[in-house]
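The values are calculated or read from the model by the stated rules, or taken from the named source; none is laboratory data. These figures come from a predicted structure and were not determined experimentally. Cβ coordinates were reconstructed from backbone atoms using ideal geometry, including for glycine residues, and neighbour counts include every protein chain displayed.
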Amino acid sequence: MRSIKKIGAASALALVLLASTLLHASAATTPAFKQSKAVEVSKGTTASVAFTSANTVGDLIVVQVLWSNTGAVTLTDSRGNTYTAATARSTWSGDNSAQTFYAKNVAAGTNTVTAKFATTLSSYAIVQAHEYSGLDKTNPLDGTSSGVGTSATANSGNVTTTGSSDLLFAGGGALGALGTPPTGWTARLNTSGNRTADKITTAAGTYNFTSSATGNQWVMQLVAFKADSGSTDTTAPTAPGSLQATAASSSQINLSWTAATDNVGVTGYQLERCQGASCANFASLATLGSGVLTYGDTGLTSATSYSYRLRAVDAAGNQSAYSAVATAATPAIVDTTAPSTPANLTAQAASASQVNLSWTASTDNVGVTGYKVYRDGTYLIATAAGATSYQDQNLAAGTTYSYTLSAVDAAGNESAQSAAAAATTQTPDTTAPVAALTAPNDGDTVSGTVSIAATASDNASGVADVQFFLDGTLLNDDVSAPYTYQWNTSSVANGDHQLTVLAKDVAGNVSAPSTAITVHVNNVNTPPSTLKIMPLGDSLTQGGVGGASGLNSTTVNGYRLNLLNLLTGYNVDYVGPYQLGDSSLHDQDLAGESGACIMVTPCGAHTMYPLTAGWLNTYNPDLVIMQGGGNDYSKAGTTDQDIESYLEQWIQLVWQTKPNAKIIVSGQAQWHPELEAMNKAYVESLQAQGKPIRFVPFAATVGIQSNTTDGTHPNANGYQVWANELAPMVRELFPKQ
């Protein structure tokens, strides 16, 4: 009986131990496929796919992404799971990419997975998401392999597993399409010919995945995941202790701590850092091995406070509480090294009151912040950091100055002074240059275009300008030797004229006019074979205005037909633009402008002045007859002086455009006698200078009441009077020999 009792007690103890073991360990599970879903997009920076059913807590999500650029991609989901890259990004077929990710021990619930692309998609992105159960919840990854190629068979390469019931996940793409998986594999998704498949192993070993591929370009990735072992470590390590931070230099802080402990084993430490006094924004600094208990943080900023904390992790991914925070500050840099001495200092006198300095830059262990300039041994000025030149101004003329300089840095260290450089300021130039005419000769008879030549010299600063004068009026200036001017003698009347020249130097000194030479201009005036006359004016020049009579029945000629009849022996061609003015003003002979305003701009498109240069170039007249319009005064609302200024500008425009053209100016209507007097005085002043211009009065002849139809516009008799005034002027400007 006693032996029987002993046997019964032993059996009872064994049953208790067995029950205890069964309570604390569960059998390993086999991985199983739960669901999959895919999405394809063609543009943008994100692509999202929602699982059809809710995820189960603790499951594994595997996602393969294929996209059309080489930028990075990151994954998130609506349940807050963390996604880890199972493979590196594979680049294939130029700029296409593929990468496989996983999220372990996921949260339960409906879920949408989102891929975010760093580079905007140019063509496509495919996201293929899968859910599996029965996989390791802490460290599921067992191996990976990736392959790209151009053959007809896609091959992932080999993966060697450590577990007997691994999940093998294969995914890839091709320019054409991937074929069906080989025997033993289960096809999951097929998105535009890009496939995924899986397989559960029965033993540890080496595996790969192959498939036919069309399109001559393919990518294939294979990932092995470990099955759930049935036991889970949920105990976190203890927090690391005694964290110490000590400044080692102005750019380094050394850290040390005591080891954490764990029920299974500490696998490493996660170190974090923040910058600045009382900072709280810690960021990851380093991940360290389990045996590492010190760390040197380098590359820091001097005179700056840094704070540190760390925690321990174990193989199951359990994280300890953070250690106490340790803080240290890097010391400020003490710079005692002076910059190098500036080299190659030169001094050059730029004028009677300025010396220019230049030198080669100094160097410093930290940085040069500027230079100190010394003149005759006395500090003068400090320059900016990057300066290598200086202009010393307001100096005395004809004086020698000696210069040195030194370089300084931010710590106040100053280099030795450079070798001295000296310069003597220039003596002021107060002597005027000398100029003389060399051609033509005094007493020469000239005609046509004549070359006027001069010489000029200066004792110091140099000749800056030579000016040619005709009868005391500036003809032209020349700023570089040889000093010449091509003078068109036909621009002045025949007879004696004086030429002089003067020079200016760089210092502003002006020579006295040269000795004048007298030349006799003798141009034989032969009228052109066809005398092209451009008649311009407002409505006063247009026949037919205000009921004028006695005109040709088909054309309205104004004074033009009358003038043509008076110019016997001349082959006259009236040239010019067709009228651009009011529709009531008709210039039917295509030879005159009927703009409301001649010289001023308020009349818009009816203003003649802006168009004159183009007309001159187009029609190339020998003679321009211009009648100053009354509308210039009434429509512009300007003063007589303003209109006079407009006339002067118009005359200069004609000669600037056609230097050889001759001009006749008619006066104003009878209600502008004061303006006509101003016009006449200006034109006659030009004529006195030998300019080919004449003035025909209007108010006292054409404009008298009996010669107008309405007190303003000429009648037939008025146009004849006008032509009678113009004809002798034309003959005077274009005499026949």
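A few remarks follow.
- Condition check for VAL41: buried (at least 16 other Cβ atoms within 10 Å of the Cβ), farther than 26 Å from ALA224 by Cβ, modelled with pLDDT of 95 or more and within 52 Å of the chain's Cα centre (by Cα): yes
- With respect to (1) outside any strand (DSSP E or B); (2) hydroxyl-bearing (Ser, Thr, Tyr); (3) within 28 Å of GLY94 (Cβ to Cβ), the lone exception for THR238 is condition (3).
- Residue, surrounded by the most Cβ atoms within 10 Å (Cβ to Cβ), within segment 684-729, restricted to residues that are within 60 Å of the chain's Cα centre (by Cα) and either acidic (Asp, Glu) or under 23 Å from TYR570 (Cβ atoms) (or both): ILE693
- Selection from segment 350-382 of residues that are aliphatic (A, V, I, L, M) and either more than 24 Å from THR425 (Cβ to Cβ) or surrounded by fewer than 19 Cβ atoms within 10 Å (Cβ to Cβ) (or both): ALA350, ALA352, ALA361, VAL366, VAL368, LEU380, ILE381, ALA382
- Being modelled with pLDDT of 95 or more and either part of a strand (DSSP E or B) or more than 17 Å from VAL127 (Cα to Cα) (or both) is not true of LEU23.
- Condition check for ALA481 on (1) surrounded by 20 or more Cβ atoms within 10 Å (Cβ to Cβ); (2) out of contact with any Leu (no Cβ under 6 Å at 6 or more places or on another chain); (3) among the hydrophobic types (A, V, I, L, M, F, W, C): one failure, at (1).
- Residues that are in contact (Cβ under 8 Å) with a residue 60 or more places away in the chain and not small (Gly, Ala, Ser) within segment 159-182 comprise VAL159, THR161, THR162, ASP166, LEU167, PHE169, LEU175, listed in sequence order.
- Residue satisfying condition, being closer than 30 Å to GLY94 by Cβ and either modelled with pLDDT of 95 or more or touching a helix residue (DSSP H, G or I) at 6+ places or on another chain (Cβ under 9 Å) (or both), within set ASN216, ASN158: ASN158
- Segment 53-68 residues that are free of Cβ contacts under 8 Å to residues at least 40 places away in the same chain, paired with ones that are not in a strand (DSSP E or B) (beta carbon under 7 Å, 6 or more apart): none
- Tally of residues being surrounded by 18 or more Cβ atoms within 10 Å (Cβ to Cβ), out of contact with any Gly (no Cβ under 8 Å at 6 or more places or on another chain) and closer than 29 Å to SER42 by Cβ across segment 104-118: 3
- Strands (runs of 3 or more DSSP E) within segment 252-317 that include 1 or more residues touching a residue at least 60 places away in the same chain (Cβ under 8 Å) and touching a strand residue (DSSP E or B) at 6+ places or on another chain (Cβ under 6 Å): 252-258, 305-314
- Strands (runs of 3 or more DSSP E) enclosed by segment 147-230 - at least 3 residues per element that are buried (at least 17 other Cβ atoms within 10 Å of the Cβ) and charged (D, E, K, R): 194-200
- The selection criterion, being buried (at least 17 other Cβ atoms within 10 Å of the Cβ) and either within 30 Å of ASN394 (Cβ to Cβ) or not assigned by TED's automatic domain parsing to the domain that holds GLY690 (or both), does not hold for VAL506.
- The helices (runs of 4 or more DSSP H) found entirely in segment 616-723 that carry 3 or more residues being at pLDDT 85 or above are 640-657, 673-688.
- Note on segment 137-184: residues that are under 49 Å from the mean Cα position of the chain (by Cα) and not β-branched (Val, Ile, Thr) amount to 15.
- When the residues of segment 47-93 are filtered to those that are part of a strand (DSSP E or B) and within 13 Å of VAL219 (Cβ to Cβ), the one that is farthest from the chain's Cα centre (by Cα) is GLN64.
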